[in-house]
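Notes to accompany the following structure.
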Amino acid sequence: MNKNFRYIGKRIERDDSLDKARGKALYLDDIEKNNMLHGKIYMSNKPHAFVSINKESALKVEGVTHVFTYEDVPKNLYCSHQWFPGADVVEDENILQKKARFVGDRIALILGESKEAVNKGIKALEVSYDELEPVIGIDEAKKDRSIINGDTNLAFSKILSCGDADSAFNECDYIIEDEGSTPKVHHSAIENHGCLSEMDEFNNIVVYAPCQVVFQVRHIIAKALDYPYSKIRVKKITIGGSFGGKGMPILETVCAFASLKTGRPVKITMNRSETIMGSRSRNSTRIKIKTGFNKDGKIIARKIDAEVDGGGHFTNAAAVTMAMGKKAFRLYKIKNQVFNGKSYYTNTVPGGACRGYGSPQIHAISEINIDNCAKKINMDPVKFRLINAVDPGDKDPIGAPELGNARIKDCLIQGAEAFNWVERKKHIKRKNTSRYSYGIGVAAGTHGNGYKGAFPDFTNVNISILPNNRIWIKIGIHDLGCGTVLTMQQIAAEVFKISTKNIDVPQGDTFISPYDSAGTQASRVTFVCGGAVKKASEVIVNKMLENYTKLFGCSLEDIIYEDGYIWTKNNDKISYGDLADLVESKLESNLEVSVKYNSPGNPAVYAASFVEVKVDNYSGLVEVEDILAVHDLGQAINKTLVEGQIEGGAQMSIGMALSEEIEYRKDGTVKTDNFSKYHIINSPSMPQVKSLLIEDGEPGGPFGAKSVGEITAVTPGPAVINAINDALSCNICDHPATPERIIKAVLNK
Amino acid sequence: MEIKATINGDEIVKNINPNKRLVDFLRDDMNLKSVKEGCSEGECGACTVLLDKKAVTSCTLFAGQIDGCEITTVEGLEKTGELELIMKSFSKNGAIQCGFCTPGMIMSAKALFYKNSNPSKDEIIKAIEGNLCRCTGYNKIVKSIEEVRDGIEHE
């Protein structure tokens, strides 16, 4: 593969960061509109109850203008997870609920002339609850004593399989079984949820949303309000982090309804506690894994039973379960495997996308189990993984798209070498003192590149070369902080041979962006949208060259173009913009193309993390002393951005392993309702992350690139847990490995 | 009550509700939108400003408490030219992703430099322990602050 890139892989600076540092970037809550009403959601205090609301006392508060409840809103059910009309879901959400299904469910909207008035209105609102038995946790859900929706709390179930696991277990030398749990994780974007909407002069609803999928927001609003798609303008604005949390519309339907009803701009915001309780979370799970293998380390059969806590609404109950199951077939060659996934309604915060989408959960337990298999036959856990890992070009055993240039073995081999794994493994115990135990751990993982094979995965791009030598790329992307805009700029820059500074890529706006089928989610943007930008850039560059031949009477071979200029031996340099001028004046045309791009595949990405931990035997606290994260990402588009993903993903993954959990009391209230109780990793607890990139090129990816953002949050956590289990010779499988759990393991030693 | 304070170098005399939170006063009354709110309880550090050159969380202070004091936000640092080096270092090193924690992070770093012009890496890490970031894993933020300490200039 040609690696003489001008822009690809380079550490180019993003063009939004200085304004963010200066406080000039406008986030949702920084935007004010004339005549704007402030809004706040009254969230249910009860987990499972029919709600009656008396508006009078709230309406008496000075400055409160409106109180809306279930009685006032259209009754069109929707599913906030549904990103396009064809996605098969259960529609069980209202704009405002009559029956609250979790503490934090939306039951009323209060609007007022000021934030103060609205806050007073919230306090004054009289709400009475006709309570039903709450269902907290998977075990309670399974009893079906109290039903949340329909006639059972089982929301979704699916079996995926290849070969014949049940009989293959009889042929195995060894069988190792593990069972563990993963927590509900709060996305913890530092910006809380918010939305602003207004009516424009043509009676369009304009929604300013820090979101991930403008076309999903449009679809859900159209559905909830029965309003024409073509009259709903959703604009993605600067977002203070998402990680999946701002994927599903939470406030957008309510906000749009309020603007439509009042005719005024409306801004609704949530504070941290409201965002923790009332938005979405990573689904918690309980996973049982049974693996059969032979003395030589070859896995023969595996059975996975996964139970998912789906929360109070259906949302992603099917999607996350399927996502977990599918990943189980794409990391190791296992001829006989069955995945049995079930998700349940519970009276807790609904599940939503969360960086990794099921991969962090399934790998959390499966990678512990793999270590235990290796231990059983005294085999090095890296070697055990290498014996079973997939190879480039392997097919997916359950018929999903092929794995592509799957480089997990390179991740493991090069990672082990860079980490000095074998030597450290030999000597790690020498570091032990009476107070501290040391251990090292490894974990591998896989993730995808979009929806191809499961859902429509295409996008449309429109590119123009403008007279002032600027390239304008219209595509429905959403920069969530990852540098998505710059990624697109660098891909286009490479094709155009022009600086990224000359390229403008406005973000998702349903009145500007051509239709995109699936949004900025599912690790699809670099691979699919980047591929689309590359393709469209090639088409328009060809058009530019052809027009040049017409205007200057030369052949294609004579043309040289570079750094935004085009010329031949006999003709002086002119800028691309000057050429665009000439094309319009002389040829009555313009340099513009529209291209529809279908994803060419859905290859896997791979990662391996290597970790050393120091466990305090007295306090149960764990320090991650060292971490190396190795990623098979095909080709880095921008190394600084890639490292940023790897370091940030590690922070989330280590948090899930050690300290993060949305905890519920039996009565359905949330214990961890702010950052003083919900602990994300802060700077002193964060190790320096070393990253190693395997850049072997993915055919089909733009310049060989594939995804990296989500898989970064998959392997550090399980590697940490494996290192703890190594340090204490224990088998912690329940997450997070809190000091209480660590001390229990120390005492059992 | 009437307060007298210096905000980003400008002396102001204002009649205010002393019980208004400082974050609301700065954002709503003074239009200093760099001051972000993330948790409302002093845990995330997004609303960090300098009060007499010390880092404080403006969501846990009342506006009445700044009477007679000096308040600085990144808008103030920009006015005096003190933002230049640090914001370019953050930008160049990829320390800014979503950017929501950035102004608060910069103010904590600035408070550290006022106290100690040559902090160690550990002191830098400690200085931002009250500023949560979900995007970067802190590594690039710490590196950026180290480069400011070392006087490394970026284009």
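The values are calculated or read from the model by the stated rules, or taken from the named source; none is laboratory data. Note that the structure is predicted; figures quoted are calculated from it, not measured. As a convention, Cβ positions derive from the backbone with ideal geometry for all residues, glycine included, and neighbour counts pool all protein chains shown. Quick note on the areas: whole protein, heavy atoms, side chains included, nothing else; ligands and nucleic acids left out. Shrake-Rupley method; radii C 1.70, N 1.55, O 1.52, S 1.80 Å.
In region B:83-149, the portion of solvent-accessible area held by carbon and sulfur atoms comes to 47 percent [1.4 Å probe, whole percent, DNA, RNA and ligands not counted]. Note on the protein assembly as shown: helix-only mean residue ellipticity at 222 nm, from DSSP H runs of 4+ residues weighted -39500 (n - 2.57) and normalised by residue number, equals -8500 deg cm²/dmol.
A:GLU584 to A:ILE31: extension gain in nm, 0.36 nm per residue of separation minus the Cα-Cα distance? Could you put the intermediate results ahead of the total?
Working: separation 553, 0.36 × 553 = 199.08 nm, distance 3.88 nm.
Length gained between A:GLU584 and A:ILE31: 195.2 nm.
Relative to the longest principal axis of the Cα atoms of chain B, the long axis of helix B:83-92 makes an angle of roughly 50 degrees. Of the trypsin sites (Lys or Arg not before Pro) found in region A:1-80, those that fall in a DSSP loop while having at most 13 other beta-carbon atoms within 10 Å are A:LYS3, A:LYS60, A:LYS75.
At a probe radius of 1.4 Å, figure out the B/A buried accessible area, summed over both chains, and give it in Å² to the nearest 100.
Values: alone 8090 and 27820 Å², together 32010 Å².
In total, chains B and A hide about 3900 Å² from solvent.
Assuming R0 = 41 Å, can you tell me the calculated FRET efficiency for the pair A:ASN542 and B:LYS14, based on Cβ-Cβ distance, to the nearest 0.05? It would help to have the intermediate numbers written out before the result.
Working: r = 62 Å, r/R0 = 1.52.
The calculated FRET efficiency here is 0.05.
Bridgeable lysines around B:LYS4 (alpha carbons under 22 Å apart, same-chain partners fewer than 8 residues away excluded): B:LYS14, B:LYS20, B:LYS33, B:LYS53, B:LYS54, B:LYS79.
So how do A:SER230, B:SER34, A:SER685 rank on accessible area, 1.4 Å probe, biggest first, that is with the largest at the start?
Working: A:SER230 85, B:SER34 5, A:SER685 60 Å².
Largest accessible area first, the residues go A:SER230, A:SER685, B:SER34.
Measuring heavy-atom accessible area with a 1.4 angstrom probe and counting protein chains only, the residues of region A:14-49 that give up at least 20 Å² relative to the chain alone are A:ARG14, A:SER17, A:LEU18, A:LYS20, A:ALA21, A:ARG22, A:GLY23, A:LYS24, A:TYR27, A:ASP29, A:ASP30, A:GLU32.
At 1.4 Å probe size, with the rest of the protein present, what percent of the exposed accessible area of region A:404-490 is carbon and sulfur atoms?
Numbers: 1650 of 3100 Å².
Of the solvent-accessible surface of region A:404-490, carbon and sulfur hold 53 percent.
Taking the chain by itself as reference, region A:680-701 contains these residues with an accessible-area loss of 20 Å² or more in the full protein complex (1.4 Å probe, heavy atoms): A:ILE680, A:ASN682, A:SER683, A:PRO684, A:MET686, A:GLN688.
Please report, as a whole percent, how much of the solvent-accessible surface of region B:2-73 comes from carbon and sulfur atoms (probe radius 1.4 Å). In region B:2-73, the share of accessible area belonging to carbon and sulfur is 41 percent. Applying both filters, DSSP loop and at most 13 other Cβ atoms within 10 Å, to the trypsin sites (Lys or Arg not before Pro) of region A:413-468 gives A:ARG435.
For region A:41-83, what is the accessible area per residue in Å², given a 1.4 Å probe and the full set of protein chains? Numbers along the way, then the final one.
Working: 1840 Å² over 43 residues.
Computed with neighbouring chains in place, this is 43 Å² per residue.
Think of region A:664-749 as a dipole: +1 on every Lys or Arg Cβ, -1 on every Asp or Glu Cβ, centred on the Cα centre; then among A:LEU692, A:VAL746, A:ILE680, A:VAL746 lies furthest on the positive end.
Given contacts defined as C-alpha pairs under 8 Å and at least six residues apart, what's the relative contact order of region B:83-149, whole-number percent?
Details: 59 pairs, mean separation 34.8, N = 67.
Once divided by the residue count of region B:83-149, the mean separation gives 52 percent.
Only protein chains counted, 1.4 angstrom probe. Which residues of region B:65-99 are at least 50 Å² less accessible in the assembly than when their chain is isolated? Buried on complex formation: B:GLU78, B:MET87, B:SER91, B:ILE96, B:GLN97, B:CYS98.
Once C-alpha pairs closer than 8 Å and six or more residues apart are averaged by separation and normalised to the residue number of chain B, the relative contact order reads 25 percent.
With the Cα gyration tensor of region B:83-149 giving a ≥ b ≥ c as the square roots of its eigenvalues, does the rule (a/c under 1.5 for rounded; else a/b larger than b/c for prolate; else oblate) give rounded, prolate or oblate?
Working: a/c = 1.57, a/b = 1.30, b/c = 1.20.
Judged from the Cα gyration tensor, region B:83-149 comes out prolate (a/c at least 1.5, a/b above b/c).
For the set A:LYS383/A:LYS639; A:LYS20/A:LYS452; A:LYS33/A:LYS246, the pairs lying more than 31 angstrom apart at their alpha carbons are A:LYS20/A:LYS452. Counting only other chain Cβ atoms within 10 Å of each residue's Cβ, the peptide A:272-279 averages 2.
Rounded to the nearest 20 debye, the dipole magnitude of chain A is 1040 debye, with +1 charges on Lys and Arg beta carbons, -1 on Asp and Glu beta carbons, and the Cα centre as origin.
The aspartates and glutamates within cross-link reach of A:LYS235, meaning a Cα-to-Cα straight distance under 16 Å and a gap of 8 or more places when in the same chain, are A:ASP29, A:ASP30, A:GLU32, A:GLU198, A:ASP200, A:GLU252, A:ASP479, A:ASP509, A:ASP516.
Computed extension gain for A:LYS383 through A:HIS427, at 0.36 nm per residue and net of the alpha carbon distance, reaches 14.1 nm.
For region A:619-689, the per residue solvent-accessible surface stands at 29 Å², with DNA, RNA and ligands left out and a 1.4 Å probe.
The trypsin sites (Lys or Arg not before Pro) of region A:135-171 that meet both conditions, a loop assignment by DSSP and at most 12 other Cβ atoms within 10 Å of the site Cβ, are A:ARG145. Of the DSSP H helices in chain A, those that are both long (alpha-carbon extent of 24 Å or more along the helix axis) and hydrophobic (Kyte-Doolittle mean at least -0.5) are A:359-376, A:530-552, A:639-658.
Normalising the average separation of contacting C-alpha pairs (under 8 angstrom, six or more residues apart) by the number of residues puts the relative contact order of chain A at 16 percent.
Students often forget the sequence filter, so: which lysines lie under 17 Å Cα-Cα from A:LYS497 once same-chain residues fewer than 8 apart are removed? Output for A:LYS497: A:LYS3, A:LYS10, A:LYS534, A:LYS535, A:LYS543, A:LYS573. Counting 0.36 nm for each residue step from B:LYS115 to B:PHE62 and taking away their Cα separation leaves a gain of 16.6 nm.
Keeping all protein chains in place, calculate the accessible area per residue for region B:2-73 (probe 1.4 angstrom), answer in Å². If you can, show how the numbers build up before the last one.
Numbers: 2980 Å² over 72 residues.
That works out to 41 Å² for each residue.
Pairs of lysines in region B:83-149 whose Cα atoms sit within less than 21 Å of one another amount to 18, provided the residues are eight or more positions apart or on different chains.
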